[in-house]
Amino acid sequence: MSFSEELIQEQNKKFEGANPQEIIAWAIGNAKNPVVTTNFRPYEVNILHAITQVKSDIPVVWCDTGYNTPNTYRHAEELIERLGLQIDLYVPKQTTAHRDVVMGIPQIEDPRHAVFTEQVKLEPFRRAMEAHQPDVWFTNLRKGQTALRDSLDVLSLSKDGVLKVSPFYHYSDAELDAYLAEFDLPNEHKYFDPTKVLENRECGLHT
C-alpha cells in the first residue's frame, strides 16, 4: 500500500482519540514489511508490548550505541525474554573501547560531535533500514518531546518515504505510567544517550 500525504492526514484525523492497539492493527494490516526500532530508553516498553500483542514476530531493530548503562542492558534483557522480542542488533563498526582512546565522547560544540553521532547512531541505523527495507516503521515519538516531534503526528512520512507510526504520540507520561501499571510492565529511567546533552535535543534519526 502506498501512503500518500492525503491518506496520512485523513488517518491522523481518524486516529484522534484512538487507542494504540487500534492504530497498530491498522498499520500492521496495511504493511508489507513492518519493523519497530528501540533503544530501550524510558517508556520503550510501552510500544514494544503494544506491538507484540498485535504481531508477536515483528522484527525489533536495536541500534546499540555501546554506551548504555548497566540498568538499560539489564532492562533490555528482561524485556527480550518477557515479550519474546525478535531482536536484530546493530552496533557501531568501531568498538567503544577503541573510540574512547581516539575520540572519547565529544561535547556538542566540538566539531567531532557530528562524526561521533554518525559513528554510534546514524550509520548503524541506516545499515539496519537498508537491510530490512521497511514500508512501516513503528517508533515511540511523542508530542512535547522536541520542536520537530511537535510538528509530526501519529502517522508521518520519513524522508525516505517510510510510514512512521507513533501509536503513543498523544500520551503523557502519566498515561504511559497508567499503561505500565495496567499490564504490570517494568520501566527503566537510568538511560544515557551519548549524542545528546539535553533531554529535548533531537537525536538525529527522526530529522
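A few points about this structure:
- Matching residues in the stretch 124-156 - criterion: being at pLDDT 90 or above, over 13 Å from the mean Cα position of the chain (by Cα) and open to solvent by 20 Å² or more (accessible area, probe 1.4 Å): 126, 127, 130, 131, 132, 133, 135, 153
- When the stretch 89-143 is filtered for residues that are in contact with a Leu (Cβ under 8 Å, 6 or more places away or on another chain) and among the aromatic types (Phe, Trp, Tyr), the ones remaining, listed by number, are 125, 137.
- Yes/no for residue 10 being within 17 Å of residue 166 (Cα to Cα), charged (D, E, K, R) and either loosely packed, with under 13 Cβ neighbours inside 10 Å or at pLDDT 95 or above (or both): yes
- Subset of the stretch 100-121 (residues that are surrounded by fewer than 16 Cβ atoms within 10 Å (Cβ to Cβ) and touching a residue at least 24 places away in the same chain (Cβ under 8 Å)): 107, 108
- Of the helices (runs of 4 or more DSSP H) lying entirely inside the stretch 19-135, those carrying at least 3 residues that are within 22 Å of residue 187 (Cβ to Cβ) are 20-29, 44-54, 70-83.
The values are calculated or read from the model by the stated rules, or taken from the named source; none is laboratory data. Quick caveat: nothing in here was measured; it's all calculated off a predicted structure. Please note: Cβ atoms are built from the backbone with ideal geometry, for glycine as well, and neighbour counts cover all protein chains shown. These area figures cover heavy atoms from the full protein model, side chains too; ligands, DNA and RNA do not enter into them. Shrake-Rupley method; radii C 1.70, N 1.55, O 1.52, S 1.80 Å.
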